[in-house]
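Written below as structure tokens is the structure these notes are about.
The values are calculated or read from the model by the stated rules, or taken from the named source; none is laboratory data. Predicted model only: the values in this text are computed from it and were never measured. Virtual Cβ from ideal backbone geometry, glycine too; neighbours counted across all protein chains shown.
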């Protein structure tokens, strides 16, 4: 009989490790399904706060997906993104959405709109 391990972000406290890494230009941060966030180590402190608030939204979206019976929330693999139970093809840094290939992070994806709306403003 198998068992399923829960990722660390299932904790109610949302204790999310943040790691600073060398990142390609144009990438401020990434939320990972294991509940961690990686930040571009070239960000200024106010940019870090903004990026963490954005990526924490995605961490919560992953948590929602894993706790939802109807798979509401966000999930991804190498070849697709799943948002609220609907799958979108993913390839070479782009996602096929509404008939067009859009770059990952495109602000009009619904999961990105939510994250942008939750950002701490840069001051």
- Task: May I ask you to list the residues in segment 39-61 that are out of contact with any helix residue (DSSP H, G or I) (no Cβ under 7 Å at 6 or more places or on another chain) and buried (at least 18 other Cβ atoms within 10 Å of the Cβ)?
- Result: 40, 48, 50, 51, 52, 55, 56, 60
- Query: Applying the selection to segment 73-87, what residues are more than 16 Å from residue 113 (Cα to Cα), within 15 Å of the chain's Cα centre (by Cα) and surrounded by fewer than 17 Cβ atoms within 10 Å (Cβ to Cβ)?
  - Reply: 77, 78, 80
- Query: Would you call residue 67 farther than 20 Å from residue 49 by Cα and in contact (Cβ under 8 Å) with a residue 40 or more places away in the chain?
  - Reply: yes
- Looking across segment 89-123 at residues that are at pLDDT 95 or above, assigned to a loop (DSSP other than H, G, I, E, B) and in contact with a helix residue (DSSP H, G or I) (Cβ under 7 Å, 6 or more places away or on another chain), the single one that is farthest from residue 53 (Cα to Cα) is 106
- Those residues that are more than 15 Å from residue 17 (Cα to Cα) and assigned to a loop (DSSP other than H, G, I, E, B), I need them from segment 36-55; list them, please. 42, 43, 44
